[in-house]
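Chemist: This is the structure I want to talk about, given as structure tokens.
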Amino acid sequence: GMGGRGDGEREGNEKKEGPEILYLGKVTPLKGLEELVEAMAMIPQARLTIAGNDNGGYAALLRDRAAALGVSTRVHFAGFVVGRAKRDALRRAAAVVAPSRFDAFGLVPLESLSAGTPVVVSRQSGCAQELASEGLAFSVEARDPASIREGIARALETPLRGPELARQARARLAGRLGWPAITRRTRELYEEVVA
């Protein structure tokens, strides 16, 4: 469908379209989404869902980029998702990608792991080191579409997913990234922001 979002024609061929890559978060330049769209041009079998609030009309720029690269039909803007819709999106995705140019901590990779979905996270994210060192995430270089493509390819191939991934994530991160630690870190972050 030209112009429209084409939801109607997506219904029937959802499965044939290949694995779904999910980005969940604000739609801003800081989040590395241009590079993610560029990486999609190198992963012809997959499709990308960008779920989050569009800040300052940045989605329009991303749509233009997708069109220029010829991947418009495989890049879907879902808007803000919350609650059950968010949990369903996390479970349905073949991989969740957080390619931020900078991120203090980022809860999305943790939410993704607890849903049993593999995570691709940029080394510029606060949680990247920790998750990668535990073998729980595929770390990539922000601003580098080829690196992001490589991380996504590896995430799509990993046999570790579903309940087993969720279980390992809980076991390996329990001490350092249990909710008390996350709550503390989140509070510190908020205090920093409002100071």
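FYI, it's all coordinate maths here, none of it is from the lab. The shown structure was predicted, so the numbers you read here are calculated from the model rather than taken from an experiment. Because the Cβ atoms are built from the backbone with ideal geometry, glycine has one as well, and the counts that use them run over all protein chains shown.
Chemist: By the scheme Lys and Arg +1, Asp and Glu -1, what is the net charge of all other residues having a beta-carbon under 13 Å from that of GLN124?
Modeler: With Lys, Arg at +1 and Asp, Glu at -1, the net is 0.
Chemist: A further question follows. State the extension gain, in nm to one decimal, for the chain segment bounded by VAL82 and GLN45, taking 0.36 nm per residue of separation less the distance between their alpha-carbons.
Modeler: Additional length available on full extension: 10.6 nm.
Chemist: Another question, if that's okay. Once label points are set 7 Å from the Cα along Cα→Cβ at both LEU107 and GLU164, what is their separation, rounded to one decimal in nm?
Modeler: 3.0 nm
Chemist: What list of ³J(HN,Hα) couplings, whole Hz, do you get for segment 55-60 from phi and the Karplus terms 6.51, -1.76, 1.60, once you set θ to phi - 60° and write x for glycine and proline?
Modeler: Once θ is set to phi - 60°, the couplings for segment 55-60 become 9, x, x, 5, 4, 4 Hz.
Chemist: May I pose another question? How big is Rg to Rh over segment 18-131, alpha-carbon atoms, Rh as the Kirkwood inverse-mean-distance radius?
Modeler: We get a ratio of 0.93 for segment 18-131.
Chemist: How large is ³J(HN,Hα) for each residue in segment 35-46, as worked out from phi by the Karplus curve 6.51 cos²θ - 1.76 cosθ + 1.60 (θ = phi - 60°), to whole Hz, x for Gly and Pro?
Modeler: 5, 5, 5, 5, 4, 4, 5, 9, 10, x, 7, 9
Chemist: If each of ALA174 and ASP54 carries a label point 7 Å out from its Cα toward its Cβ, how far apart are those two points in nm?
Modeler: 4.5 nm
Chemist: If you don't mind, there's one more thing I want to ask. What is the gain in length, in nm to one decimal, between ALA146 and ARG91 on full extension, counting 0.36 nm per residue of separation less the C-alpha to C-alpha distance?
Modeler: Length difference between fully extended and current span is 17.2 nm.
Chemist: Turning to a different aspect of this structure: Starting from the Kirkwood Rh over alpha-carbon pairs, what translational D in µm² s⁻¹ does segment 65-154 have by Stokes-Einstein at 10 °C and 1.306 mPa s?
Modeler: Translational diffusion coefficient: 115 µm²/s.
Chemist: Can I ask one more? Grab the other residues whose beta carbon is less than 15 angstrom from that of GLU150, score K and R as +1, D and E as -1, and report the net.
Modeler: Charge balance in the 15 Å sphere: -1.
Chemist: Report, by chain and number, residues whose modeled amide H sits under 5 Å from the one on VAL120, excluding near sequence neighbours (fewer than 5 apart, same chain).
Modeler: For VAL120, whose amide H was placed from the backbone, the distant partners under 5 Å are VAL96, VAL97, ALA98, PHE138.
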